[in-house]
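Structure first, commentary second.
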Amino acid sequence: MVVNDARTDERFCDNPLVTCDPNIRFYAGYPISAPDGSKMGTLCIIDSEPREISAEDRSLLRELGRMVEEELIAANMARNDPVTGLSNRLGFSLIAEHLLGFCTRNATPASLLAFHLCNLKDIDDDLGHAKGDRAAAEFAHTVLASFRDSDVVGRIAPDVFAVLLGGVSLDNVTNSSQRLQDQIGERNRDSSHGYELLTTSRAVTYNGDCHPDVEALIADVESRFGEPEIAKKPKAFPLHKE
């Protein structure tokens, strides 16, 4: 959109940005789309004097706008897992930092729950990578459906999924994960899938003295799996509390 003189344009002539400071007269804007196609704003050029814009300048504005959109796509890919659509480790950490900050300011607990999808590599090796991706996506969907919208969910490793629960202490984590355990158990009773989803889980409560950042919290919960626990294929979903 190009407005050469906002004072003579009926859409903007009474806009406070035109009638008062900064006294916009010229405006040219390129709409910026998010990676999902939604409109998130405009890249715009303004001036306090009326002016014309050349075809070359219009083209340059479009190119700059497309560059911004490409950067948004690259940032989205860097922070999201393409198979499951969940945040990857980087994206999870960035979002989780905000939730931990909120919990700290309000003196409420926060707990990190991690699920190891034990047989994902076996599914990959025995049934093919496409089946492995399908299993990961199915498990991710079940995790999302089992927790609150306010919880932060991510795929922090190829076979490890994490949920940060604000306002939930370690004593209540078992109750928070029960919905997931029930759904996976029911799903595994249906042999038509061709494979089971086998998982173990660990949990840790956030402690600012021990966890200076989200990565430290993640490292803590990952360390609690232990090699013997990861190597075996459990039949149930034991939740280990520390």
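Here is how the numbers come out for the structure above:
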{"item": "In region 49-112, GluC sites (Glu not before Pro) in a DSSP loop with at most 14 other beta-carbon atoms within 10 Å", "result": "Glu52"}
{"item": "Gyration tensor verdict on the chain (Cα atoms; rounded if a/c is under 1.5, prolate if a/b is larger than b/c, oblate otherwise)", "result": "prolate"}
{"item": "Alpha carbon centroid spacing (whole Å) that separates region 74-142 from region 3-34", "result": "43"}
{"item": "Value at 222 nm in deg cm²/dmol, rounded to 500, when DSSP H runs of n ≥ 4 in the chain each add -39,500 (n - 2.57)", "result": "-13500 deg cm²/dmol"}
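Any read-out appearing in this document is the output of simple, stated calculations on the displayed coordinates, not a laboratory observation. The shown structure was predicted, so the numbers you read here are calculated from the model rather than taken from an experiment. Every residue, glycine among them, receives a Cβ derived from its backbone with ideal geometry; neighbour counts consider all protein chains shown.
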